[in-house]
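Beneath this line is the structure, given in C-alpha cells, with notes to follow.
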Amino acid sequence: MENNCYPFVNIPLPYDDSALEPYIDEQTMRLHHDKHLQTYIDNLNSALEQNPRLQRLTLEQLIRTANCLSEPLKASIQHNAGGVYNHRFFFSGLKPPVSSIPDNRLLRDIDRFFGSYNAFKECMKKAALSVFGSGYAWLVYERGRLKIVTTANQDSPLAQGACPILCIDVWEHAYYLKHYNKRADYINDWFSVVDFEQANLQLLHCLQS
Ligand code: MN
C-alpha cells in the first residue's frame, strides 16, 4: 500500500467524486474522503507525533499491535489507524458501475463457499444490515475459507488475524445524504460499484501471505 507509514497523507481517490453516481453520490464521496478520512489521518499523525517509537510501523502493524499498548494510546491507535486503513480499503474496493460480474478466482471461490453469487450477496446484505450503530461488513479470508464478518466502529478484521478482501462502510456518513436512514437501499447500490477485480487481487494477496 502506498504511504503506509508515518506521516500519513490523504491519497486522492482513484476516480472522480461523481464516478459512482447514481449509486453513491458525489457530495457523499467528497465529504467521506476529504473530511471524514482526513480527520482520521490528522488524528493518527498527531498520536504518532507524540510517540516516536511507533512511527516506523506500517498501518497494518499499528492495527495488529494496538492491543499491546496501554490506554489512552491503545484506543487512539485502534480508532485512528483503523479509520485510515478501513476507509482506504473501502474506497479502493469501489469503481464506476459496470453491469457484469467478472469471472475470476474470487468469484469461483464465492460460488464454492456460498453456493452462488446471489447467495453471497444475501449473506453480505444480512451482515451489513445487522451492524448495530456504526461499523463495517467484510468478506475476509481466514484459515483457508472465505467468511463474512462485521466489525464495530473502526475495528479491523486484521486485528483478529483475518485477511480482508472486500468491505462496506455502514456508518451513516457513508449513505445518509442520499439514502437517508435506508441502509438496505445503500447496500443494494453498493453492489453496483464493487470492484471485484480489485477484490480478486486482495484474495490473491491473502493466499500468498
Ligand atoms: Mn466512513
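The values are calculated or read from the model by the stated rules, or taken from the named source; none is laboratory data. The shown structure was predicted, so the numbers you read here are calculated from the model rather than taken from an experiment. Heads up, the Cβs are rebuilt from the backbone with ideal geometry, glycines too, and the neighbour counts pull from every protein chain shown. Quick note on the areas: whole protein, heavy atoms, side chains included, nothing else; ligands and nucleic acids left out. Shrake-Rupley method; radii C 1.70, N 1.55, O 1.52, S 1.80 Å.
Of note:
- Residues Ala152 and Arg53, FRET efficiency given R0 of 22 Å [Cβ-Cβ distance, rounded to 0.05]: 0.20
- Gyration tensor verdict on region 113-209 (Cα atoms; rounded if a/c is under 1.5, prolate if a/b is larger than b/c, oblate otherwise): prolate
- Whole-percent carbon and sulfur share, accessible surface of region 74-209, 1.4 Å: 49
- Whole-angstrom Cα spans of region 20-136 along principal axes, big to small: 48, 34, 28
- Neighbour net charge for Glu21 - beta-carbon separation under 14 angstrom, K R +1, D E -1: -2
- Rg/Rh ratio calculated on Cα atoms of the chain (Kirkwood radius): 0.95
- Other residues with beta-carbon under 12 Å from the beta-carbon of Gly135 carry, at +1 per Lys or Arg and -1 per Asp or Glu, a net charge of -2.
- Centre-to-centre separation between the Cα atoms of region 1-48 and those of region 94-112: 25 Å.
- Label-to-label distance, nm, for residues given as Leu69 and Leu201 (7 Å Cα→Cβ offset): 2.9
- Measuring from each cysteine beta-carbon in the chain, the ones with no other cysteine beta-carbon under 4.7 angstrom are Cys5, Cys68, Cys123, Cys167.
- Accessible surface calculations at 1.4 Å, restricted to protein heavy atoms, place the chain at 49 Å² per residue.
- In this structure, the pairs whose alpha-carbon distance is over 23 Å, taken from Lys147/Lys178; Lys74/Lys182; Lys126/Lys147, are Lys147/Lys178; Lys74/Lys182.
- Cα centroid separation - region 130-158 against region 57-74, whole Å: 19
- Summary of packing: across the peptides 185-191, 161-167, 65-71, the per-residue average of other C-beta atoms within 10 Å ranks them, highest first, as 161-167, 185-191, 65-71.
- When you count the other C-beta atoms within 10 angstrom of each residue and take the mean per peptide, 94-106, 120-132 line up highest first as 120-132, 94-106.
- Per-selection Rg to Rh, region 35-88 - Cα, Kirkwood hydrodynamic radius: 0.92
- Each of Tyr176 and Ser46 was given a label point 7 Å from its Cα along the Cα-to-Cβ line. The distance between the two points is 2.2 nm.
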